[in-house]
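The structure appears below as structure tokens.
The values are calculated or read from the model by the stated rules, or taken from the named source; none is laboratory data. These numbers come from a predicted model, not from an experiment. Using ideal geometry, Cβ is built from the backbone for each residue, glycine included, and neighbour counts are taken over all protein chains shown. We work out accessible area using only protein heavy atoms, side chains counted, and drop any ligands, DNA or RNA first. Shrake-Rupley method; radii C 1.70, N 1.55, O 1.52, S 1.80 Å.
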Amino acid sequence: MTQVLELGLDTFGDVTTGPDGRLLSHAHVIRNVVDEAVLADGLDIDFFGVGEHHRADFAISAPEVVLAAIAGRTRQIRLGSAVTVLSSDDPIRVFQRFATLDAASKGRAEVILGRGSFTESFPLFGFDLSQYEELFEDKLDLFAALRGQDAVTWQGKTRPPLTGQRVFPPVEAGALKTWIGVGGSPESVVRAARYGLPMMLAIIGGDPARFRSYVDLYHRSFAQLGQPAPPIGVHSPGYVAETDEQARAELWSDYKQMRDRIGAERGWPPMGQAEFDREADQGSLYVGSPETVARKIAATARTLGLARFNLKYSAGPLPHDKLMRSIELYGSKVMPLVRDLLA
């Protein structure tokens with residue numbers, strides 16, 4: 001690879017258990033997430049992303065507010081969403097919030113825009129799920145226009161038009177860094193290319209190599225436009241401990257609990273130990289010792305030609321102290337090993 005791979009962390013603010021085994025309050029979890037980001041910054045981790053959800057098992061519904069709190073306690077780590085559900089938000093307000101975060105953090109803000117794999121925000125904010133695709137297309141088109149930071153004249157189908165209107169505050173140093181989150185459809189890949197935006201692949205199961213066709217499609221789309229392709233990133237779950245055996249033993253029950261809860265809503269069968277082991281061995285679960293996790297990240301980076309890899313380090317009720325140790329190992333051990341492997 002010709003560039004240094006950026007290595008980041010993502011969390012959804014999963015509601016975790018405390019020392020007594022009981023679930024912590026949402027407020028406590030949010031404060032813990034801020035502490036986790038501060039630790040990541042001290043370890044020179046490149047990026048820290050927080051997801052947006054509107055349900056009881058995740059504490060973060062307003063990523064920009066949490067990121068602003070993190071910005072005030074950190075010095076260099078880049079800060080962004082993972083993802084922002086643009087379909088059920090106002091693109092002008094999203095732009096303003098992240099432009100404000102960018103100002104407060106002295107240019108460290110990013111946004112990853114997506115349609116969202118969870119749909120709770122649609123009824124909550126009064127949007128019709130039958131417009132799932134149309135809302136995202138329309139709002140992404142407006143957001144792309146806002147990134148130019150000129151007066152905007154725009155007309156779409158799902159909100160009133162704009163005529164020569166400015167949006168404040170402007171981003172201080174150029175356009176706001178904006179990614180498109182892609183969960184696995186060719187249409188999403190082509191959409192990212194159409195707007196000239198970097199692509200963040202959410203790979204949460206199966207062999208990462210199966211996404212190579214999307215990478216190739218992305219590059220072909222830019223070639224047809226006569227432009228170089230922007231960076232590609234991957235978001236995948238994982239957990240780091242001192243040994244492979246310890247990492248799997250500590251992660252298994254909490255990961256299964258999270259996976260089975262979401263799976264029950266989507267009609268998936270419960271996860272068995274064999275499926276967990278298969279994902280750890282050959283799939284998109286980056287769990288193990290620093291050496292094991294580093295080798296797997298490096299292999300994915302080579303296969304897909306990545307510029308960034310974000311480890312989704314939280315996993316259901318997995319406790320804060322274990323998350324902190326995983327972050328410490330990721331920053332102090334995994335990152336240098338990955339870069340050595342890719343040098």
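Full extension from R339 to R55: what is 0.36 nm times the residue separation minus their Cα-Cα distance, to one decimal in nm?
Computed gain between R339 and R55 is 98.5 nm.
Determine the per residue accessible area of the stretch 76-231 with all protein chains present and a 1.4 angstrom probe, expressed in square angstrom.
Result: 45 Å² of accessible area for each residue.
Net charge around A62, counting only other residues with Cβ within less than 13 Å of its Cβ (Lys, Arg = +1; Asp, Glu = -1)?
Summing Lys and Arg as +1 and Asp and Glu as -1 gives -1.
Explain nothing, just compute: Karplus ³J(HN,Hα) = 6.51 cos²θ - 1.76 cosθ + 1.60, θ = phi - 60°, for every residue of the stretch 204-216 in order, whole Hz, x for Gly and Pro.
Whole-Hz 3J(HN,Hα) from phi for the stretch 204-216: 10, x, x, 5, x, 4, 5, 8, 4, 5, 6, 4, 5.
Only sites in a loop by DSSP and with at most 12 other Cβ atoms within 10 Å count here; which trypsin sites (Lys or Arg not before Pro) in the stretch 96-132 make the cut?
On the way: sites: R97, K106, R108, R115; in loops: K106, R108, R115.
Hits after loop and neighbour filter: K106.
In cubic angstrom, how much convex hull volume per residue do the alpha carbon atoms of the stretch 66-127 span?
79
Tally the DSSP beta bridges in the stretch 135-262 and give the antiparallel ones as a percent, rounded to 5.
Working: 2 of 9 bridges.
Expressed as a percentage, antiparallel bridges in the stretch 135-262 total about 20.
With a cap of 16 neighbouring Cβ atoms within 10 Å, and only residues DSSP puts in a loop, list the GluC sites (Glu not before Pro) found in the stretch 246-343. Please report the intermediate quantities before stating the final value.
Working: sites: E250, E265, E275, E279, E291, E328; in loops: none.
Within the stretch 246-343, no GluC sites (Glu not before Pro) qualify (loop, at most 16 other Cβ atoms within 10 Å).
Between D321 and T119, what is the FRET efficiency for a Förster distance of 30 Å, r being their Cβ-Cβ separation, to the nearest 0.05?
0.35
Per 5 Å bin from zero, what fraction in whole % of the C-alpha pairs of the stretch 140-196 is there, up to the bin with the longest pair?
For the stretch 140-196, the binned pair fractions read 4, 16, 24, 19, 20, 11, 5, 0 percent.
Mind checking the dipole of the stretch 1-98: about its Cα centre, +1 per Lys or Arg Cβ, -1 per Asp or Glu Cβ, Debye to the nearest 20?
260
Over what distance in Å are the Cα centres of the stretch 281-343 and the stretch 24-82 separated?
Between the Cα centre of the stretch 281-343 and that of the stretch 24-82, the gap is 19 Å.
What does the extension gain come out to for Q131 and R93, with contour length at 0.36 nm per residue minus their alpha carbon separation? Working shown, then result.
Details: separation 38, 0.36 × 38 = 13.68 nm, distance 2.01 nm.
Extending this stretch completely gives an extra 11.7 nm.
When the helix-only estimate is applied to the chain (DSSP H runs of n ≥ 4, each -39,500 (n - 2.57), divided by the residue count), what is the mean residue ellipticity at 222 nm, nearest 500 deg cm²/dmol?
Computed mean residue ellipticity for the chain: -13500 deg cm²/dmol.
Work out the length of the dipole vector of the stretch 114-189 about its Cα centre, built from +1 on the beta-carbon of each Lys and Arg and -1 on the beta-carbon of each Asp and Glu, and round it to the nearest 20 debye. Can you show the working numbers first?
Details: 7 positive and 10 negative charges, 52 e Å.
Charge dipole of the stretch 114-189: 260 debye, to the nearest 20.
Using only Cα atoms, what Kirkwood radius does the stretch 254-326 have, in angstroms?
Computed over Cα pairs of the stretch 254-326, the Kirkwood hydrodynamic radius comes out at 13.8 Å.
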